[in-house]
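**Student:** Here's a structure for you.
The values are calculated or read from the model by the stated rules, or taken from the named source; none is laboratory data. These figures come from a predicted structure and were not determined experimentally. FYI the Cβ positions are ideal-geometry reconstructions off the backbone, even for glycines, and counts take in every protein chain you see. Keep in mind that these areas ignore ligands, DNA and RNA; they rest on the heavy atoms of the full protein, side chains included. Shrake-Rupley method; radii C 1.70, N 1.55, O 1.52, S 1.80 Å.
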Amino acid sequence: MSASPPYLEVAVAAPLPQTLTYAALRDGRVAKPGQRVLVPLSGRLLTGYVLALSEEKPEFRLKPIADLLDDFPVFPEKLVPFFRWVARYYHYPIGEVIRGALPGGLTSQSGRRLKITEAGLHYFQREQPQLIQDTPWLANLTANKKLSAATVRKLWRGKERRLIEQWAEQGLLTVEQIISGASIGQKTESCVLLAQEAASPETLASLKPSEAKTLALLEEMRTPAAQGIPRRELTALYRGAGKPLAALAAKGLISLVERPVYRDPFGETPPFFPRPAQLTVDQENALAQLNPAIRQKKYSAFLLHGVTGSGKTEVYLQAAETTLALGRSVLVLVPEIALATQLEAHFLSRFGETVALLHSGLARGERFDQWQRVVSGEARIVIGARSAIFAPLGDPGLIIVDEEHDGAYKQEDSLRYQGRDLALLRGSQGGATVLLGSATPSLISYQHALSGKYTLLTLPARIENRPLPQVELVDLQAVNTVSGRPPLFSPQLKQALRATLSRGEQSLVFLNRRGFAGCMLCSDCGQAVQCPHCRITLTLHKGRGELVCHYCGFATNSRTVCTNCRSLNLAPIGFGTERIEEELTGMFPKARIARLDHDTTRNRQDFLRILRAVHEREVDILVGTQMITKGHHFPHVTLVGIVWADAGLGMPDYKGGERTFQLLAQVTGRAGRGEQPGKVIVQTHQPTHYSIAAARDHDYPRFFAKEMGLRKALGYPPFSRLINLVLDGEQEEGVQSRASLLAAKGKSLLPRYRRTAILGPAPAPLARLRGRFRWQILLKGPDLEELHGLCLELEQEQSRLGAAVNLSVDVDPENML
DNA sequence: AGCACGCCGACT
DNA sequence: GTCGGCGTGCTC
């Protein structure tokens, strides 16, 4: 056996642009790629991730690794090139990429814990009561005798540090170096094991009644596999089993052991979906192309364009079967909110135990457990939101991105990645088949399908040949009202709702804006009440009695005064889902009306509860935001009303047309998925707009052609690429001048980047967000190499200029807001 | 990020 | 003259 290579390439969990090299552990223990280690970095200890081992000695002096944090890798070595690519492409420190990819609670670092000594306690309480009163952390310390590492970290940075060091020298307190931060471990549960040999008659005779009862129960519960009976299950049957258990253990009849358990993330049992007896011809055709590609074990990409209700899920399931049969694993990405819905239940029904779930709704511990099941190879199918693209599967042979057009695949803070794009990357690096599915593909994916980069698969018909719903456009300009302003509900929509109610069928009413009113307008000075942190108008939420900022969550009492002139005359303007709900209640007092949006679904349970109520036909009219469009099947919905289709068209955003089409097509697809045909009423001010007209006709190709023409004319993606540089800071002037400096620097470099243009600097569309001022610079051009090169030079310039202003880089931005 | 090193004002 | 404030720059 050869000695392990002495040098390790480590990505440290700190914002360093490069990896660092360390010498192997002094004690001879070996660290493998994918393992976490504790490494010294400028006088402290931090978590690092081993990326590679090497024989080559670098020319600088090396420090050795301080400790191993894991016995086994936390991610497979195969992910290393993926992490490297992500870090480079998205201009993000590789250690932070990996830290973010791993489940939370796995990052250790050195810290300090403060304890107060007896002498210190006397001193402060006798001599310095005033000081304790005035200093919250000292009060905390004297009360609890110690301070956590997290608290000390904050103090250490401030000027308290010197004070603490002085007091420590005087013996009033002690400072202890500790390793802290890793808060997650394996959860165990105690299990009862029955003794191998039968107990002697004397022993049995000596048992108390409670002990005999316990033993009898255990005999009954004994499983053939003999892996122990969870104590929890026993005490559920017999509350008083605790004491007898201890006695039985003392007598040698049983033993008690701790077994690792996985916390169950599935909450409640999802519905069971049986395998369909037969596939449609279109499904057969799709699989006839997919299965051979999967068996090739080489990279290939498919776009499955299937109208809503056409049976994409069954194609996913059978492709997954093919992949599992090859001994490879399957990764399924879904938009966050669509989790716990149809798709998940289908995979659980078909594959059961081998499915792991990764999404943000899991508690930290649950997420850790799911991760462990994947690393260990126990789970071979992962279903998760965008971050599941980092799932530690060793050899995914199929990567599915459901609803690939969905904006939720783009992460809009910290590491700003596109989950769908990374699915394609991971597939190409690992020789996997990538399957993108959508009823309304993104422009870019459809273009790749047409150009042959992906193979296009289509499911043009709904299963059982159910017709697509009939869509009626209502021109709001043409609706007469007393006030001259268009009403919320046109006569056509009202009439249709009434008719649907009287038939005992369900309706969906859709508006992509929550809250009650758009904003509160001051009748005296004409200004809208704004968020003090974000410079956008606050939205009235009547039920909560609050004005709420939809960007930072700031909330204030709705009985407020005008921030400009302090007038009390505030009037609600505009409308949201809450207002729609109220109006509907007025119009149809007997109807059962429910609302599905961010306000009514604080968590997954609320969300599922409302969905179930709709499913059980306990709801006649469901009002909602785009949340209602995501992956749900409502068989009894026969009417969909879209209150205001133009809501997304006025945004300062090149994707407005695409979003509007997708949204309308998706909402429209909710109607008539059961046996009754569906009807859709779309209210709009722009009935001739191409996005709206094409959605009415279910005509994706027509929308695609028109939108591509517009993008080409304006030089927007996919005809160019973008990198957005967003600067933010506390001082408005500082941010603005930094933006100007960087833009000027960039422009001076343009002779070397001839195909690239710089737009800006300009205030970001949200010029103030969470109390910070924001400016942006947009790099635009067809040459990706140039864009990245220029971006790197600007980042260097930015780091020279200092940290008072923060720069974040958004590669392939989708949402300029 | 956060620690070390280094360079200027108010104190023994 | 020192202590201690904060501004660059580096971290294997």
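**Student:** Might you work out the accessible area of A:His689 for me, using a 1.4 Å probe with all protein chains in place, and round it to the nearest 10 Å²?
**Tutor:** Roll a 1.4 Å probe over it and A:His689 shows about 40 Å².
**Student:** Further question: If I stretch the segment between A:Ser748 and A:Thr556 completely, what's the gain in nm (0.36 nm per residue apart, minus their alpha carbon distance), one decimal?
**Tutor:** That pair, A:Ser748 and A:Thr556, stretches by 64.5 nm at full extension.
**Student:** Still on this structure, please answer the following. Checking the a/c ratio against 1.5 first, then a/b against b/c, what shape does the Cα gyration tensor give for the range A:536-695? Display every interim value, and only then the final one.
**Tutor:** On the way: a/c = 1.96, a/b = 1.34, b/c = 1.47.
Verdict is oblate for the range A:536-695.
**Student:** How would you order A:759-770, A:123-134 from highest to lowest mean count of nearby Cβ atoms within 10 Å? Walk me through the numbers on the way to the answer.
**Tutor:** Details: A:759-770: 18.0, A:123-134: 12.3.
By packing density, highest mean first, the sequence is A:759-770, A:123-134.
**Student:** Simple spin-label model, 7 Å along Cα-to-Cβ: A:Thr117 to A:Thr203 in nm?
**Tutor:** For A:Thr117 paired with A:Thr203, the spin-label model returns 5.4 nm.
**Student:** Would you mind working out the accessible area per residue for chain A, using a 1.4 Å probe, and quoting it in Å²? Mind dumping the intermediate values first?
**Tutor:** Numbers: 37820 Å² over 817 residues.
With all protein chains present, chain A gives 46 Å² per residue.
**Student:** Tell me, what is the FRET efficiency for A:Gln429 and A:Phe273 to the nearest 0.05, using R0 = 30 angstrom and their Cβ-Cβ distance as r?
**Tutor:** Approximately 0.35, to the nearest 0.05.
**Student:** Of the heavy-atom accessible surface of the range A:281-463 (probe 1.4 angstrom), what whole percent is carbon and sulfur? Walk me through the numbers on the way to the answer.
**Tutor:** Numbers: 2640 of 5380 Å².
Roughly 49 percent, rounded to a whole number.
**Student:** Can I ask one more? Mind listing the long-range amide H neighbours of A:Gly574? Cut-off is under 5 Å, sequence gap 5 or more, other chains count too, H placed in the peptide plane at 1.01 Å from N.
**Tutor:** A:Gly518
**Student:** Now, a different point. At 1.4 Å probe size, put A:Arg380, A:Arg609, A:Arg26 in order of accessible surface, largest to smallest.
**Tutor:** A:Arg26, A:Arg609, A:Arg380
**Student:** Let me ask something additional. Can you give the net charge of the other residues whose Cβ lies under 15 Å from the Cβ of A:Leu41, counting K and R as +1 and D and E as -1?
**Tutor:** +2
**Student:** Hey, can you grab everything whose amide H is under 5 Å from the amide H of A:Tyr7? Only 5+ residues off in sequence or another chain; H modelled, so Pro and N-termini drop out.
**Tutor:** Excluding prolines and chain starts, which carry no amide H, the hits are A:Ser54.
**Student:** Cα to Cα, under 13 Å, and not fewer than 8 places away if on the same chain: which aspartates and glutamates meet these conditions relative to A:Lys57?
**Tutor:** A:Glu9
**Student:** Pull out the extension gain between A:Arg222 and A:Gln492, defined as 0.36 nm times the separation in residues minus the alpha carbon to alpha carbon distance; nm, one decimal.
**Tutor:** 90.6 nm
**Student:** Also, I was wondering about something else. Under a point spin-label approximation (7 Å from Cα along Cα-to-Cβ), what is the A:Gln796-A:Ile132 distance to one decimal in nm?
**Tutor:** The two pseudo-label positions are separated by 5.8 nm.
**Student:** Starting from the 7 Å offset along Cα-to-Cβ, what nm value, one decimal, do you get for the label separation of A:Arg157 and A:Ala212?
**Tutor:** Output for this residue pair reads 6.7 nm.
**Student:** Hey, another quick one. Quick one: ranking A:Leu663, A:Leu393 by accessible area, 1.4 Å probe, largest first, what do you get?
**Tutor:** A:Leu663, A:Leu393
**Student:** If I take every Cα pair under 8 Å that is 6 or more residues apart in chain A, average their sequence separation and divide by the length, what percent do I get for the relative contact order?
**Tutor:** Relative CO of chain A lands at 9 percent.
**Student:** Pop out the ³J(HN,Hα) list for the range A:34-42 in order, Karplus 6.51 cos²θ - 1.76 cosθ + 1.60 with θ = phi - 60°, rounded to Hz; leave Gly and Pro as x.
**Tutor:** Result, rounded to whole Hz: x, 8, 8, 10, 9, 10, x, 9, 5.
**Student:** So, taking all protein chains as they sit and a 1.4 Å probe, how much accessible area belongs to A:Ser255, in Å² rounded to tens?
**Tutor:** 50 Å²
**Student:** For A:Thr688, A:Thr585, write out the residues from largest to smallest accessible area, computed with a 1.4 angstrom probe and no ligands counted. The partial results should precede the final answer.
**Tutor:** Details: A:Thr688 125, A:Thr585 70 Å².
Largest accessible area first, the residues go A:Thr688, A:Thr585.
**Student:** So, one more: With the contact rule set at Cα under 8 Å and sequence spacing of 6 or more, what percent relative contact order holds for the range A:721-811?
**Tutor:** Worked out over the range A:721-811, it gives 46 percent.
**Student:** So, one more: Report the full-extension gain for the segment A:Ser148 to A:Glu55: residue separation times 0.36 nm, less the Cα-Cα distance, to one decimal in nm. The partial results should precede the final answer.
**Tutor:** Values: separation 93, 0.36 × 93 = 33.48 nm, distance 4.09 nm.
Difference between extended and current length: 29.4 nm.
**Student:** Can I ask one more? Roughly how far apart, in whole Å, are the Cα centres of the range A:606-637 and the range A:749-808?
**Tutor:** 43 Å
**Student:** Provide the net charge surrounding A:Pro687, with neighbours chosen by a C-beta distance below 13 Å and charges set as Lys +1, Arg +1, Asp -1, Glu -1. Write out the running numbers ahead of the final one.
**Tutor:** Values: positive: A:Arg696; negative: A:Glu472, A:Asp475, A:Asp646, A:Asp697.
Surrounding charge for A:Pro687 is -3.
**Student:** Going toward the positive end of the dipole of chain A, with +1 on Lys and Arg Cβ and -1 on Asp and Glu Cβ, which of A:Val37, A:Ser799, A:Ala11 do you reach last?
**Tutor:** Value: A:Ser799.
**Student:** Size of chain A along its principal axes in angstrom, Cα-based, largest extent first?
**Tutor:** Answer, in whole Å and largest first: 87, 75, 62 Å.
**Student:** Is the shape of the range A:543-638 rounded, prolate or oblate, going by the alpha carbon gyration tensor and its root eigenvalues a ≥ b ≥ c, with a/c under 1.5 for rounded and a/b larger than b/c for prolate?
**Tutor:** Judged from the Cα gyration tensor, the range A:543-638 comes out prolate (a/c at least 1.5, a/b above b/c).
**Student:** Probe radius 1.4 Å, ligands and nucleic acids ignored: give me the carbon and sulfur share of the accessible area of the range A:739-780 as a rounded percent.
**Tutor:** In the range A:739-780, the share of accessible area belonging to carbon and sulfur is 55 percent.
**Student:** Something else now. Along the positive direction of the dipole of chain A (beta-carbon charges: Lys, Arg +1; Asp, Glu -1; about the Cα centre), which of A:Pro460, A:Met627, A:Asn144 reaches farthest?
**Tutor:** Towards the positive end, the residue furthest out is A:Asn144.
**Student:** Return the lysines within reach of A:Lys159: Cα separation strictly under 24 angstrom, same-chain partners fewer than 8 residues apart disregarded; answer none if there are no such residues.
**Tutor:** Partners within reach: A:Lys115, A:Lys145, A:Lys146.
**Student:** Still on this structure, I have one more. With respect to the cross-link table entries A:Lys78/A:Lys298; A:Lys630/A:Lys655; A:Lys298/A:Lys630; A:Lys494/A:Lys590; A:Lys298/A:Lys712; A:Lys410/A:Lys780, which display a Cα-Cα separation exceeding 26 Å?
**Tutor:** Listed pairs above 26 Å: A:Lys298/A:Lys630; A:Lys298/A:Lys712.
**Student:** How high is the FRET efficiency between A:Thr563 and A:Ser414 when r is their beta carbon distance and R₀ equals 25 Å, given to the nearest 0.05?
**Tutor:** Using R0 = 25 Å, I get an efficiency of 0.20.
**Student:** Please give me the summed charge of the neighbours of A:Phe273: other residues whose Cβ is under 10 Å from its Cβ, Lys and Arg +1, Asp and Glu -1.
**Tutor:** Once positives and negatives cancel, what remains is +1.
**Student:** Under a Cβ-only charge scheme (Lys and Arg +1, Asp and Glu -1), can you give me the dipole magnitude of the range A:188-260 about the Cα centre, in debye to the nearest 20?
**Tutor:** Roughly 260 debye, rounded to the nearest 20.
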